[in-house]
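Structure first, commentary second.
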There are 2 protein chains.
Amino acid sequence: MRQAGRYMAEYRAIRARSSFLELCKNSDAAAEVTLQPVDKLGVDAAILFADILLIVEPFGVGLTFGAGEGPSITRPVRGEADVARLGPIDVASSLGFVFDTVSRVKKALAGRVPLIGFAGAPFTVASYMVEGGASRDYLHVKRLMYGTPQAWDRLMETLVDATARYLNGQIAAGAEAVQVFDSWIGTLSPDDYRAFVLPHMSALFSKLTPGVPAIHFGTGTAALLPLMREAGGDVIGLDWRVDLAEAWARVGHDVAVQGNLEPAVLLGDPVYIRKRAQRVLAAAGGRPGHIFNLGHGIHKDTPVEHVKALVDIVHELSDRR
Amino acid sequence: MRQAGRYMAEYRAIRARSSFLELCKNSDAAAEVTLQPVDKLGVDAAILFADILLIVEPFGVGLTFGAGEGPSITRPVRGEADVARLGPIDVASSLGFVFDTVSRVKKALAGRVPLIGFAGAPFTVASYMVEGGASRDYLHVKRLMYGTPQAWDRLMETLVDATARYLNGQIAAGAEAVQVFDSWIGTLSPDDYRAFVLPHMSALFSKLTPGVPAIHFGTGTAALLPLMREAGGDVIGLDWRVDLAEAWARVGHDVAVQGNLEPAVLLGDPVYIRKRAQRVLAAAGGRPGHIFNLGHGIHKDTPVEHVKALVDIVHELSDRR
């Protein structure tokens with residue numbers, strides 16, 4: 001999950017000086033924000049500060065981040081003609097600022113902890129492009145998928161190609177692992193995932209630089225996990241709405257898992273946080289290939305000292321200070 | 001699912017004359033709206049027209065339905081003191097209009113098809129009362145659950161008691177089955193469901209009039225289904241994000257299931273609708289105890305003739321014209 005965020009005073013101080021998109025594009029500032037949780041919280045890896053929608057902007061659909069309103073796309077992709085107009089993008093020139101951020105972070109980390117890059121998964125990015133923003137029912141997406149499956153496939157292929165080049169660019173710049181976020185995939189039935197998403201996700205994972213671990217994460221995926229595993233990834237991310245032991249057995253113990261702690265637990269006191277962290281670790285049973293993490297992002301109202309307490313608790317309980 | 005709604009011209013005509021809450025409280029109009037889908041679509045059962053939040057109003061927390069904005073509660077229940085103030089409500093006097101609607105519908109149906117009553121499940125109703133409206137993260141609810149579990153249990157007990165009397169009142173007035181909607185339960189992990197919800201749902205089902213089938217439905221429940229079955233209900237409702245055959249095997253074939261068709265399919269043409277309906281029926285495998293239904297409510301943009309086509313297709317394919 002993104003580690004930097006509004007729950008940290010250091011982040012808010014930098015964020016106050018620029019818009020969200022400006023912050024992402026300013027490699028100096030984005031690198032600084034990436035490093036804040038490493039210095040402040042003692043986490044075991046740095047997570048690139050960026051946004052899953054940065055890749056949307058070069059397609060020229062009009063991406064904006066309204067103050068407090070979330071992202072919006074002014075020219076949504078609604079039909080075959082809109083899809084046909086989307087050309088391949090020049091990732092190196094249009095998203096080079098992200099690769100610069102990666103290089104800067106790597107240099108500043110000097111090997112202290114590894115750096116994880118990331119991108120949005122094609123379905124989730126396509127959902128934003130088609131719906132024009134966040135959605136509850138994803139009706140435009142489903143209309144496109146069910147009504148004009150060829151156009152849907154073309155849109156997904158376009159995004160797979162761009163996303164693979166984007167992630168490989170991050171790897172070339174120094175990212176030691178990459179995460180693919182399929183944040184909205186939980187709206188699909190298993191049948192629809194198999195028909196409209198799985199082949200594209202397989203293609204994406206097959207295009208990634210070999211030898212670099214890839215993390216495959218989504219939310220609301222209790223029924224999709226075996227299919228996500230089939231699609232690819234060395235680590236399957238679990239949200240908080242599954243039992244870790246059961247989910248790991250379903251995806252297979254030959255793949256690693258991460259995630260699962262309910263983020264709202266961090267609003268409770270450290271005694272309660274310890275109890276819940278213990279439960280996640282017990283479900284993992286000390287098995288190699290378990291990476292402790294939250295099941296989704298950190299809520300902005302979370303006290304930063306609770307996040308720090310969690311990191312310390314996990315280090316203590318897993319005997320890795 | 002609620003059958004009447006904005007996708008029907010007959011509903012919009014009646015709805016134009018009053019607010020949503022006025023319509024619910026006008027037993028004549030609510031009965032008329034309940035009967036519209038029976039007459040127009042040929043469905044096999046009538047579903048009471050009401051709202052899961054009607055039960056909230058007698059608690060005096062200030063329920064309003066803003067135009068197009070969904071429900072809002074002006075005095076949300078945020079802590080122990082708020083919970084302690086919630087007295088038992090007089091269901092017969094405060095919700096008698098719903099029982100009147102049931103009686104009127106029963107009389108008008110004259111045995112043509114059975115009538116299904118319903119209520120919101122305590123967790124979902126509590127979520128509205130605590131959050132003050134719809135929520136994305138349910139942070140206030142989770143704070144209350146994790147931080148003051150006794151207050152949470154008391155809130156749930158208050159709602160279980162009121163909901164049981166409300167459903168039994170519908171049954172006494174003539175409802176031949178009842179459905180309990182736990183619409184927002186999908187935000188909880190299996191552990192949290194077991195600790196904070198399951199005992200209360202068991203209590204609710206044990207208080208319902210014996211011999212009347214109860215349907216237990218939620219959305220986003222892929223990981224919760226076995227626990228929901230353990231809690232109670234003669235029929236387990238499935239949303240569209242699970243595989244019906246797999247889900248039925250998990251809850252056990254000694255319980256009936258309903259639901260599962262992706263509602264967005266109804267935006268497609270009847271040829272596509274037939275294909276998807278066939279797939280649901282194939283997953284059910286002709287096993288007794290399968291009730292065909294959507295996996296969630298009908299979207300307002302759905303063409304009414306598509307809904308009619310689905311009813312006809314299901315009757316034809318299941319050989320029950």
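The values are calculated or read from the model by the stated rules, or taken from the named source; none is laboratory data. Since the structure is predicted, the reported quantities are computational estimates derived from the model, not experimental observations. When we count neighbours, we look across all protein chains shown, and the Cβ atoms used for this are built from the backbone with ideal geometry, even at glycine.
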Note on the range B:142-158: residues within 14 Å of chain A (Cβ to nearest Cβ) and in a helix (DSSP H, G or I) are B:Lys142, B:Arg143, B:Leu144, B:Met145, B:Tyr146, B:Gly147, B:Pro149, B:Trp152
Only residues that are aliphatic (A, V, I, L, M), touching a Ser or Thr at 6+ places or on another chain (Cβ under 8 Å) and in a strand (DSSP E or B): list them for the range A:116-141, please.
A:Ala119
I'd like the residue in the range A:278-321 that is within 13 Å of chain B (Cβ to nearest Cβ) and among the small types (Gly, Ala, Ser) and, out of all such residues, is surrounded by the most Cβ atoms within 10 Å (Cβ to Cβ).
A:Gly295
For A:Glu131, which of the numbered conditions (1) among the charged types (D, E, K, R); (2) within 14 Å of another protein chain (Cβ to nearest Cβ); (3) loosely packed, with under 14 Cβ neighbours inside 10 Å fails to hold?
(3)
State which residue is nearest to B:Ala231 (Cα to Cα) when the search covers only the range B:183-215 and only residues that are within 14 Å of chain A (Cβ to nearest Cβ) and outside any helix (DSSP H, G or I).
B:Val197
Give the number of residues within the range A:1-22 that are under 17 Å from A:Ala108 (Cβ atoms) and assigned to a helix (DSSP H, G or I).
3
Is at least one residue of the range B:59-72 without any contact (Cβ under 8 Å) to a residue 60 or more places away in the chain and either within 23 Å of B:Val178 (Cα to Cα) or crowded, with 18+ Cβ neighbours inside 10 Å (or both)?
yes
Can you confirm whether the range B:40-60 contains a residue that is among the β-branched types (Val, Ile, Thr) and more than 30 Å from B:Leu310 (Cβ to Cβ)?
yes
Taking the criterion of being in contact with a strand residue (DSSP E or B) (Cβ under 6 Å, 6 or more places away or on another chain), outside the structural domain of B:Ala151 (by TED's automatic domain parsing) and under 19 Å from B:Ile116 (Cα atoms), would at least one residue in the range B:3-21 satisfy it?
yes
Would you mind stating whether B:Ala9 is among the hydrophobic types (A, V, I, L, M, F, W, C), exposed (fewer than 14 other Cβ atoms within 10 Å of the Cβ) and under 28 Å from B:Gln258 (Cβ atoms)?
yes
Exactly one condition in (1) crowded, with 18+ Cβ neighbours inside 10 Å; (2) in contact (Cβ under 8 Å) with a residue 40 or more places away in the chain is not met by B:Phe20; state its number.
(1)
Has the range A:228-245 got at least one residue that is over 19 Å from A:Leu294 (Cβ atoms) and in contact with a Phe, Trp or Tyr (Cβ under 8 Å, 6 or more places away or on another chain)?
yes
Listed by first then second residue, the pairs whose first member lies in the range A:241-252 and is within 25 Å of B:Trp184 (Cα to Cα), whose partner is assigned to a helix (DSSP H, G or I) and of a type in the set (Val, Ile, Thr), with beta carbons under 9 Å and at least 6 positions apart or on separate chains, are A:Arg241/B:Thr187; A:Leu244/A:Val280
I'm told B:Leu224 meets every condition in (1) closer than 28 Å to B:Pro149 by Cα; (2) surrounded by 24 or more Cβ atoms within 10 Å (Cβ to Cβ); (3) without any contact (Cβ under 8 Å) to a residue 40 or more places away in the chain; (4) out of contact with any Pro (no Cβ under 7 Å at 6 or more places or on another chain) except one. Can you identify the failing condition by its number?
(4)
Can you say whether B:Leu244 is out of contact with any Cys (no Cβ under 6 Å at 6 or more places or on another chain) and more than 10 Å from chain A (Cβ to nearest Cβ), as far as the supplied structure shows?
no
Residue under question is B:Thr148, and the condition is that it be among the hydroxyl-bearing types (Ser, Thr, Tyr), over 19 Å from the mean Cα position of the chain (by Cα) and modelled with pLDDT of 95 or more; does it hold?
yes
All positions within the range B:161-179 that are touching a Gly at 6+ places or on another chain (Cβ under 7 Å) and outside any helix (DSSP H, G or I):
B:Ala175, B:Val178
Would you tally the residues in the range B:34-67 being more than 15 Å from B:Pro122 (Cα to Cα) and either of a type in the set (D, E, K, R) or not in a helix (DSSP H, G or I) (or both)?
19
Expected single match for within 18 Å of A:Tyr146 (Cβ to Cβ) and at pLDDT 95 or above among B:Gly289, B:Gly295 is B:Gly295
Selected residue (only one of A:Val178, A:Val255, A:Val235 is aliphatic (A, V, I, L, M), more than 14 Å from chain B (Cβ to nearest Cβ) and surrounded by fewer than 19 Cβ atoms within 10 Å (Cβ to Cβ)):
A:Val255
If B:Leu267 satisfies every condition in (1) closer than 30 Å to A:Met145 by Cβ; (2) of a type in the set (A, V, I, L, M, F, W, C); (3) buried (at least 24 other Cβ atoms within 10 Å of the Cβ) but one, which is the exception?
(3)
Consider B:Ile215 carefully, then state whether it is in contact (Cβ under 8 Å) with a residue 12 or more places away in the chain and either among the aromatic types (Phe, Trp, Tyr) or surrounded by 19 or more Cβ atoms within 10 Å (Cβ to Cβ) (or both).
yes
For the range B:82-129, enumerate the residues that are of a type in the set (Lys, Arg) and in contact (Cβ under 8 Å) with a residue 12 or more places away in the chain.
B:Arg104, B:Lys106, B:Arg112
Filtering the range A:258-268 down to residues that are at the interface with chain B (Cβ under 8 Å from one of its Cβ atoms) and more than 14 Å from B:Asp192 (Cα to Cα) yields A:Leu267, A:Gly268
